[in-house]
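J.: Submitted below is the structure of interest, expressed as structure tokens.
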Amino acid sequence: GALGSPGPGCCDEDWSWFDAGGVRFISYPEPYSGASTWTAWASRADAIMAAAQSNPSINYIVTFGHRPAYSTGFHLGEASLASVLDSLGDKYSKYVLNLNGHSHDYERFQPIHRITHITTGGGGSALEPPWTSTDPRTAVRAMHLEHLRVDVTGTGMRIDAICGPPTSQDDVSCA
């Protein structure tokens, strides 16, 4: 399991990886032992990313986890996670996307160290306004219920944020 993970999270069930089509998906754990959990995870995920990078049938590497590396929402980005993901992004050209929740909103960043970071926490619970900061690398953000649709082909990946029902906490409206 991840460094510092509790007993119920044993046996490598607190993070994992799988391939779907031409994408290798790798989850990352919660920071059970602070930043050292993510550093230990990165050393193990590095080999999984290296194998994907050298595999011609894998076109993209995507990570996902609960906490954001970058966020201007209720829960700010985790600098130690950002550092780990940035280093992997610099190393692997197929690593292009990180998905996370934690903040109950939608936010997409311009690529940072080649990785597009998307917070997609706008579903399943109430929104968490207001925005707590700004970041010039934010491409789009919306305080609105939503979910993602990801379409992958051999030549690209399209990600659509699909608007959910309106709430009194919205800062945008959409059809």
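The values are calculated or read from the model by the stated rules, or taken from the named source; none is laboratory data. Quick caveat: nothing in here was measured; it's all calculated off a predicted structure. When we count neighbours, we look across all protein chains shown, and the Cβ atoms used for this are built from the backbone with ideal geometry, even at glycine. Just the protein is used for accessible areas: all its heavy atoms, side chains included, with ligands, DNA and RNA removed. Shrake-Rupley method; radii C 1.70, N 1.55, O 1.52, S 1.80 Å.
J.: In a shell of Cβ-Cβ distance under 13 Å around residue 88, excluding residue 88 itself, what net charge do Lys and Arg (+1) and Asp and Glu (-1) give?
T.: Neighbourhood net charge equals +2.
J.: Oh, and also: Pick out which of 116, 134, 63 has the largest mean-square fluctuation in a Gaussian network model of the chain, springs linking Cα atoms closer than 10 Å.
T.: Comparing 116, 134, 63 in a Gaussian network model of the chain, the most mobile one is 134.
J.: Would you tell me the accessible area of residue 32, worked out with a 1.4 angstrom probe on the heavy atoms of the protein chains, in Å² to the nearest 10?
T.: Spelled out: residue 32, probe radius 1.4 Å, area about 90 Å².
J.: If you don't mind, another one. Below 8 Å, C-alpha to C-alpha, sequence gap of six or more: please give me the relative contact order for the range 37-175 in percent.
T.: 19
J.: With +1 on each Lys and Arg Cβ and -1 on each Asp and Glu Cβ, and nothing else charged, work out how big the dipole of the range 40-175 is about its Cα centre, in Debye to the nearest 20.
T.: Values: 10 positive and 13 negative charges, 93 e Å.
For this selection, approximately 440 debye.
J.: Which angle from 0 to 90°, rounded to the nearest 10, does the C-alpha axis of helix 35-54 make with the longest principal axis of the chain?
T.: It works out to around 70 degrees.
J.: Right, here's the next one. Please report the carbon-and-sulfur percent of the accessible area for the chain; probe 1.4 Å, protein heavy atoms only, DNA, RNA and ligands left out. Don't skip to the end; give the middle numbers.
T.: Working: 4630 of 8260 Å².
With neighbouring chains kept in place, the figure for the chain is 56 percent.
J.: Now, a different point. Out of 74, 38, 93, whose Cα points farthest toward the positive end of the dipole of the range 34-135 (charges: +1 Lys, Arg; -1 Asp, Glu; placed on Cβ)?
T.: Farthest along the dipole direction, towards plus: 93.
J.: Between residue 132 and residue 162, what length comes free when the chain is fully extended (0.36 nm per residue of separation minus the Cα-Cα distance, one decimal in nm)?
T.: 8.5 nm
J.: Quick check: net charge around residue 143, other residues with Cβ under 9 Å of its Cβ, Lys/Arg +1 and Asp/Glu -1?
T.: Neighbourhood net charge equals -3.
J.: Springs between alpha-carbon atoms under 10 Å, Gaussian network over the chain: tell me which of 148, 99, 85 tops the mean-square fluctuations.
T.: 148
J.: Between residue 57 and residue 33, what FRET efficiency follows from the Cβ-Cβ distance if R0 is 45 Å, with the result rounded to 0.05? Don't jump to the answer; show the numbers that get you there.
T.: On the way: r = 35 Å, r/R0 = 0.78.
Once rounded, the FRET efficiency stands at 0.80.
J.: So, one more: Please give the solvent-accessible surface of residue 43 in Å², to the nearest 10, using a probe radius of 1.4 Å with every protein chain present.
T.: 80
J.: Further question: Put 115, 48 in order of accessible area, largest first, 1.4 Å probe: what do you get?
T.: 48, 115
J.: Moving on. Hey, can you find the accessible area per residue of the chain for me, probe 1.4 Å, expressed in square angstrom?
T.: On the way: 8260 Å² over 175 residues.
Averaged over the residues of the chain, the accessible area is 47 Å².
J.: Roughly how big is the range 33-97's charge dipole about its Cα centre, with Cβ charges of +1 (Lys, Arg) and -1 (Asp, Glu), in debye to the nearest 20?
T.: Working: 4 positive and 4 negative charges, 26 e Å.
The calculation lands at about 120 debye.
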